[in-house]
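Read through the structure below, which is laid out as C-alpha cells, and then see the notes.
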Amino acid sequence: MTFPSDDQLITQIRGGDIKALEILYDKYKGQIYRTALAVTHDQQTAEDILQDTFLRLHANIDRLDGSVPIAPWLHRVTVNLGYNWHARGRRWAHSLEGVIENLVSTPHGSPERQAERTELRDIVQKAIITLSFNQRVVVILFYMNGFNLEEIAYILDCPVGTVKSRLHYARRNLRRRLEREGYWQPEVAYEFS
C-alpha cells in the first residue's frame, strides 16, 4: 500500500482529517507495537502504549515539524511510555523473540545446526533480559528497529555519547554472559561488534 508523505498526513490531521490520522496509524502501527512489545513484553501493555502513542500524536499535532520524519518522534513517545510502565515496577517476564531474531539469523542447514541455533537464541534471549532497562531499550532500538545512534539519541532524549556508552556496555554485558555460558562464537561476536 502506498501512503501519502508524513508531511502531507500531518497537514491533513491539523485540518481535522481523522482519515489522515488513520492512515498514519496504519503506516506505523506495526513498528510501534513491536517496539512497545519488546520494551514491555506484555501484549496488553504494548497495545495500550500503541494507542497512547497515537493519542499523543493527535494531541501534539500542532507542535510537530512535518518536514522531518515522524518515526523517531513516535518511537520516542513509545519508549517514554515504556519507561513509565517500567518505573511502575513491571518487569520483563517473557522472551524478546523479535530482538533475538534480529540478533541471531534464522537457522539454516541440518537439524543439528538448527537445534544449536535455537539453543543459542535462547541463551542470547536470556542474556538480553538480564540487561538494565536502559541497555535493553538501546539494544531493541538499534538491532530490532534499525535506528542509528543519532536517531536513538533523539528518541531517548540523551546525547549520542550516552547511546554509544549504553550500547557498548550492553554488548560487553551480553558478551560476558555468553562467554560464561560457553556460547560466545564468532557469528555471535560479529553481531555485537
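No lab work stands behind these numbers, since they all come straight from the coordinates. As the structure is a computational prediction, the values presented were derived from the model and not from experiment. For neighbour counting, all protein chains shown are included, and Cβ atoms are generated from backbone atoms with ideal geometry for every residue, glycine included.
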**Asked** If the label point is 7 Å along Cα→Cβ of Asn148, which residues in the stretch 60-77 have backbone nitrogen under 16 Å from it?
**Response** 68-73
**Request:** Note the direction-averaged projected area, equal to a quarter of the hull surface, for the Cα convex hull of the stretch 113-173, in nm².
**Result:** 4.3
**Message:** Give the lysines reachable from Lys19 as a straight Cα distance under 29 Å; neighbours fewer than 8 places away on the same chain don't count.
**Reply:** Lys27, Lys29
**Item:** Contact order normalised by residue count of the stretch 6-87, Cα under 8 Å, 6+ apart, percent
**Value:** 37
**Asked** Quick one: Thr118, Thr53, fewest Cβ neighbours within 10 Å first, how do they rank?
**Response** Thr118, Thr53
**Message:** What FRET efficiency comes out for Gln8 versus Gln51 if R0 is 35 angstrom and r is the Cβ-Cβ distance? Round to the nearest 0.05.
**Reply:** 0.90
**Note, ³J(HN,Hα) from phi for the stretch 69-79, Karplus 6.51, -1.76, 1.60, rounded to Hz, x at Gly and Pro** = x, 7, 4, x, 5, 4, 5, 4, 4, 4, 5
**Efficiency of FRET between Gln43 and Tyr83 - r from beta-carbon atoms, R0 22 angstrom, step 0.05** = 0.70
**Prompt:** What shape does the stretch 6-87 take by its C-alpha gyration tensor, where a ≥ b ≥ c are the square roots of the eigenvalues and a/c under 1.5 counts as rounded, a/b above b/c as prolate, and the rest as oblate?
**Reply:** prolate
